[in-house]
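Enquirer: Below: one structure in structure tokens.
The values are calculated or read from the model by the stated rules, or taken from the named source; none is laboratory data. Keep in mind it's a predicted model, so treat the numbers as computed, not measured. Virtual Cβ from ideal backbone geometry, glycine too; neighbours counted across all protein chains shown.
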Amino acid sequence: MNAIIALSLFGISNLFLGFLNNRKILLPATLVFILIALGLNFADWNHEYYWFNNMLKTNNLSVNFVTIILLSTFLVVAISRSFGDDDEHSHPAEYYAILLFSAVGAIMMVTFENLIMLFVGLEILSVSMYVLTGSDKRSLRSNEAALKYFLMGSFATGILLFGVALVYGATSSFDIHGIAQGVAKAKEQMGGAYGPLLYSGVILIMVGLLFKISAAPFHFWTPDVYDGAPSIFTAFMSTVVKTAGVAATYRILSISFPSVYGLWGNPLVYIVCATLIIGNITAVYQQSFKRMLAYSSISHAGYLLITVLAKRPETNSSLLFYSLAYAIATITAFAVLMVVSEAQAKNGKADESFEALNGLANNNPLLAFSLTISMLSLAGIPLTAGFFGKFFVFSDAFSNPSSLFKWILVIAILMSTVGIYYYFKPIIAAYMKKGEVAKIELSPLYKFILILTTTLTILLGLAPDLVKNIF
């Protein structure tokens, strides 16, 4: 858990670096800070520690989730190419510092042993994202997105906190293992029944967490917020925030409430199906590439929740592999979107439509190829990481003896087929549509990140066991 302390100190250090006249030092310094935190995280491998009065815990599962969070943060920071271009309105030191602080909140959400620490981590992450969403102060769209996110996020946090209070009232514990014991004791004392406090508390906690991962019907904020926020922060939200939210949801449901599976499992079935259908069907009708990625993010929350619902021994590794594959492909897509939309800007406004990608392959083969691989991975096409991510998730569902999961699988496979349609839109635009995107000059670091993420996507698609066995 030294990574939490290190990132907190590095975030403060970034603020002081902002006083320097040379802004160019901020990007490499932030990347070095993240790499140091990553090294400190790996130092906890094969060690089980309790931290901060037993409120946080590190083990191999948490180390893996933290690795995905820090890797995603590193990639997002590395593609933040124009933070400091506007001397008057941009504040790169503050942006990088807030990103590091938000990573601290995400780490707390995947390592919590106490619901109080879950709430603290969630608030650190959420407040950071409210600020970053509205960081483009001159954009009405960014301001509107920040206000919507703040208002709806505040309500969701309040619902979560109310649920925590009710669970505490039912079990007399904030500790996730103590809650599990309290649930068992309550069942014994009440002759196999559970009181309304516990029922209400579990449902309210689920609602608060499902809001954070954009699961239907708590997804309404996602398209507007993702579309209005600066693209670099949208990339962070759709990867780091989702990974942390899914990990937190899985952790509390699998540790604290396995004995009340029917209570949270039954509504989660309908939530998974609604998330898959709404996310995929609505994405088909989008004319904006960025907005399509927002609905894509909703649909992937549904796929991730399938394995949480299946509750199989392989769920840990399936969640981790899918989260890694999704994060790499999504960051690649946003990296291409950012440079192309800026190059195709109209009247000073970035063009984020599919038409902006027309003819991309003619002068920018690396961007077109990276975009293609990322879309194929998100669609779950074989020989990409996304294919095996879905394969592992679907296998977990198929292994569950309940016949209900066969119907969930049918819906998931049908929606994956729908996903192929809209994921191929940018590929067709880049290679087959008439248009001309002028050659875009990329920095060596930007090229390296695109090559790295594309290579990882292909490598994980060819040899998934390289990573699956580690998980």
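Enquirer: Report every pair of residues separated by at least 6 positions or lying on different chains whose Cβ atoms are under 8 Å apart, first residue within the range 383-410 and touching a residue at least 40 places away in the same chain (Cβ under 8 Å), second among the acidic types (Asp, Glu) and outside any helix (DSSP H, G or I).
Expert: These pairs meet every condition: PHE392/GLU314; SER395/GLU314; ASP396/GLU314; SER399/GLU314.
Enquirer: So which of ALA156, ALA170, ALA215 is at pLDDT below 90 and not polar (S, T, N, Q)?
Expert: ALA170
Enquirer: If GLY359 passes every condition in (1) on the phi > 0 side of the Ramachandran plot; (2) out of contact with any Gly (no Cβ under 9 Å at 6 or more places or on another chain) but one, which one does it miss?
Expert: (2)
Enquirer: How many residues does the range 31-53 hold that are assigned to a loop (DSSP other than H, G, I, E, B) and either touching an Asp or Glu at 6+ places or on another chain (Cβ under 6 Å) or buried (at least 17 other Cβ atoms within 10 Å of the Cβ) (or both)?
Expert: Number satisfying all stated conditions: 1.
Enquirer: Looking at (1) in contact with a Ser or Thr (Cβ under 9 Å, 6 or more places away or on another chain); (2) touching a residue at least 40 places away in the same chain (Cβ under 8 Å), which is the only condition PHE42 fails?
Expert: All conditions pass for PHE42, except number (2).
Enquirer: Oh, and also: Can you pull out every residue in the range 331-353 that is touching a Ser or Thr at 6+ places or on another chain (Cβ under 7 Å), within 16 Å of SER288 (Cβ to Cβ) and β-branched (Val, Ile, Thr)?
Expert: Within the range 331-353, VAL336 is the sole residue that qualifies.
Enquirer: Within the range 427-469, can you find the residues that are over 19 Å from SER341 (Cα atoms), outside any helix (DSSP H, G or I) and modelled with pLDDT of 85 or more?
Expert: Scanning the range 427-469 gives ALA463, PRO464.
Enquirer: For the range 333-358, which positions are assigned to a loop (DSSP other than H, G, I, E, B) and under 24 Å from PHE448 (Cβ atoms)?
Expert: GLN344, ALA350
Enquirer: May I ask you to list the residues in the range 54-66 that are under 19 Å from LEU320 (Cα atoms) and outside any loop (DSSP other than H, G, I, E, B)?
Expert: Across the range 54-66, the qualifying residues are LYS57, THR58, ASN60, LEU61, SER62, VAL63, ASN64, PHE65, VAL66.
Enquirer: Considering only residues of the range 1-30 that are aromatic (Phe, Trp, Tyr) and not in a loop (DSSP other than H, G, I, E, B), which is farthest from the chain's Cα centre (by Cα)?
Expert: PHE16
Enquirer: Right, here's the next one. Among the numbered criteria (1) more than 20 Å from LEU305 (Cβ to Cβ); (2) part of a loop (DSSP other than H, G, I, E, B), which single criterion is violated by HIS219?
Expert: Only one criterion in (1) more than 20 Å from LEU305 (Cβ to Cβ); (2) part of a loop (DSSP other than H, G, I, E, B) is unmet by HIS219, namely (1).
Enquirer: Something else: Does the range 342-360 include one or more residues that are of a type outside the set (Gly, Ala, Ser) and farther than 30 Å from ARG141 by Cβ?
Expert: no
Enquirer: In the range 128-143, how many residues are of a type in the set (A, V, I, L, M, F, W, C) and over 22 Å from the mean Cα position of the chain (by Cα)?
Expert: Counting residues in the range 128-143 that are of a type in the set (A, V, I, L, M, F, W, C) and over 22 Å from the mean Cα position of the chain (by Cα) gives 1.
Enquirer: Which numbered condition in (1) surrounded by fewer than 23 Cβ atoms within 10 Å (Cβ to Cβ); (2) touching a Phe, Trp or Tyr at 6+ places or on another chain (Cβ under 8 Å) is the only one that ASN358 fails?
Expert: Of (1) surrounded by fewer than 23 Cβ atoms within 10 Å (Cβ to Cβ); (2) touching a Phe, Trp or Tyr at 6+ places or on another chain (Cβ under 8 Å), only one is false for ASN358: (2).
Enquirer: Can you tell me how many residues within the range 7-17 are exposed (fewer than 14 other Cβ atoms within 10 Å of the Cβ) and of a type in the set (Phe, Trp, Tyr)?
Expert: Qualifying residue count, the range 7-17: 1.
Enquirer: Have a look at GLU113, GLU94 and point out the one that is over 22 Å from LEU17 (Cβ atoms) and at pLDDT below 95.
Expert: GLU113
Enquirer: Then there is this: Go through the residues of the range 282-293 one by one and say whether even a single one is over 25 Å from ASP224 (Cα atoms), of a type outside the set (Val, Ile, Thr), touching a Lys or Arg at 6+ places or on another chain (Cβ under 9 Å) and part of a helix (DSSP H, G or I).
Expert: No, the conditions are met nowhere in the range 282-293.
Enquirer: Filtering the range 18-30 down to residues that are of a type in the set (A, V, I, L, M, F, W, C) and surrounded by fewer than 18 Cβ atoms within 10 Å (Cβ to Cβ), which residue is farthest from PHE101 (Cα to Cα)?
Expert: Selected residue: LEU20.
Enquirer: Taking the range 152-177 on its own, how many of its residues are among the acidic types (Asp, Glu) and touching a Leu at 6+ places or on another chain (Cβ under 6 Å)?
Expert: Selection size over the range 152-177: 0.
Enquirer: Within the set of pairs 6 or more residues apart or between chains, which connect a residue that is touching a residue at least 60 places away in the same chain (Cβ under 8 Å) and closer than 11 Å to ALA335 by Cβ inside the range 429-456 to a residue that is part of a loop (DSSP other than H, G, I, E, B) and of a type in the set (Val, Ile, Thr) with Cβ atoms less than 6 Å apart?
Expert: ILE449/ILE79
Enquirer: Against the condition surrounded by 18 or more Cβ atoms within 10 Å (Cβ to Cβ), within 17 Å of PHE218 (Cα to Cα) and in contact with a Pro (Cβ under 7 Å, 6 or more places away or on another chain), how does ALA294 come out, does it pass?
Expert: Taking the combined requirement at face value, the residue satisfies it.
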